[in-house]
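The values are calculated or read from the model by the stated rules, or taken from the named source; none is laboratory data. Since we're looking at a predicted model, the values are computed, not measured. Here the Cβ is made from the backbone with ideal geometry for all residues, glycine too, and neighbour counts use every protein chain on show. For accessibility, only protein heavy atoms count, side chains too; no ligands or nucleic acids. Shrake-Rupley method; radii C 1.70, N 1.55, O 1.52, S 1.80 Å.
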Amino acid sequence: MTFPLGEWIVAHADAPHHLGRSGMVGSLTTTPKVIAGTRGGDPRELRSRLAQKLKVDAARVFLTTGATEANLDALVFLYREATRRTGRVPRYRTPVPDYPPLAEMPKVLGFRSVGPRETADLVVCSQPNNPTGTLASTEEFEAITRGSASVLVDETFREFTAAPSLAGEGRRGLWVSGTFTKVYGADALRVGYLVPPPEEVVRCRHFADYALHDLADTSVAGALAVLDHRNEILRESRGLFRENFAALRARVRGVPRLAAPVWFDRGDGVLPGDTLARRALDSGVLVCSGSFFGDATGVRVTLTRRTFPEDLDAYVAVRDRFL
């Protein structure tokens, strides 16, 4: 990762108390055993298995090397279609705070960013939200996406919950991306997927024939092995998240219900994120300033490591001195 948030995490990965990584890689014992020794797999089977899980037609599932590629592919396609349809530079908006690539990638491709109350050709968001860890209700999601022709939802953290994928609704204009990296901790596989809305499948297939990469056989095989042992991995991953969430709530008051292993700490209202993140790092604690996510009023703390209770104690000590 070379964008600022990724650079911050990588540059300080040796911090004694690491509360910056949002995925379960390195924290699970099940996933490494499951994918060890896998050889080859059929992409058609993987698409079929994912389609069953997402409750969509298999023709709607496009395999990618991760959610980042899936989001990029969707944005390139949507930029082309919106420009063709309107004859102008397409507009997009992203809620604040949200994951930096979701907010910045459209701008890099040429979309024009607009405010939260302006009409947009596209809304891009994560669900559950990164960095807050909260899952928007139906009403909140409608408010976020109102007035847009298309919506791209990154469901990277969804499987930490029992919530069904929004892709299964078949909603017009709704694109969904996902990955094997977060809840499964299978970063080494580099497998993700993109699910366009039903009305765009044919055109997206033509686009994909030229724009998407084929996955390595070992990646496909590893992803199939993960799905074979999905329940076992989810028990471990969700169980670790629940334990860490309980530790967080026992230690810090006012923590909301989290649907993903990330917490946006604003203290009792506002915490200067940049200053607190630097102070924490001086004490060997890695957290991420909210400024990376467009909101400098707090820091993101992750709940993905088995050492979380001890790491949290170290962070709270810094936090208490800071407050």
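In segment 240-294, what residues are part of a helix (DSSP H, G or I) and acidic (Asp, Glu)? The answer is Glu243, Asp274, Asp282.
Taking only segment 62-80 into account, find how many residues are under 18 Å from the mean Cα position of the chain (by Cα) and either closer than 14 Å to Gly178 by Cα or open to solvent by 20 Å² or more (accessible area, probe 1.4 Å) (or both).
So in segment 62-80, the residues under 18 Å from the mean Cα position of the chain (by Cα) come out as 62-75.
Subset that is either closer than 14 Å to Gly178 by Cα or open to solvent by 20 Å² or more (accessible area, probe 1.4 Å) (or both): 62-74.
Matching residues across segment 62-80 total 13.
Residue-level analysis places Arg238 among those that are more than 19 Å from Pro16 (Cα to Cα), open to solvent by 10 Å² or more (accessible area, probe 1.4 Å) and in contact with an Asp or Glu (Cβ under 9 Å, 6 or more places away or on another chain). Residues that are within 23 Å of Thr302 (Cβ to Cβ), open to solvent by 60 Å² or more (accessible area, probe 1.4 Å) and not charged (D, E, K, R) within segment 1-46 comprise Met1, Thr2, Pro4, Val10, Ala11, Pro16, Gly26, Thr29, Pro32, listed in sequence order.
Just one of (1) over 21 Å from Ser126 (Cβ atoms); (2) open to solvent by 20 Å² or more (accessible area, probe 1.4 Å) fails for Ala163. It is (1).
One line per residue, one yes/no per condition, for (1) buried (at least 24 other Cβ atoms within 10 Å of the Cβ); (2) in contact with a helix residue (DSSP H, G or I) (Cβ under 8 Å, 6 or more places away or on another chain):
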{"site": "Asn130", "(1), (2)": "yes, yes"}
{"site": "Thr138", "(1), (2)": "no, no"}
{"site": "Thr156", "(1), (2)": "yes, yes"}
{"site": "Trp175", "(1), (2)": "yes, yes"}
{"site": "Val191", "(1), (2)": "yes, yes"}
{"site": "Val195", "(1), (2)": "yes, yes"}
{"site": "His229", "(1), (2)": "no, yes"}
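Looking only at segment 295-323, how many residues end up being within 12 Å of Gly267 (Cβ to Cβ), in a loop (DSSP other than H, G, I, E, B), open to solvent by 10 Å² or more (accessible area, probe 1.4 Å) and not β-branched (Val, Ile, Thr)? Adding up the residues that qualify gives 1.
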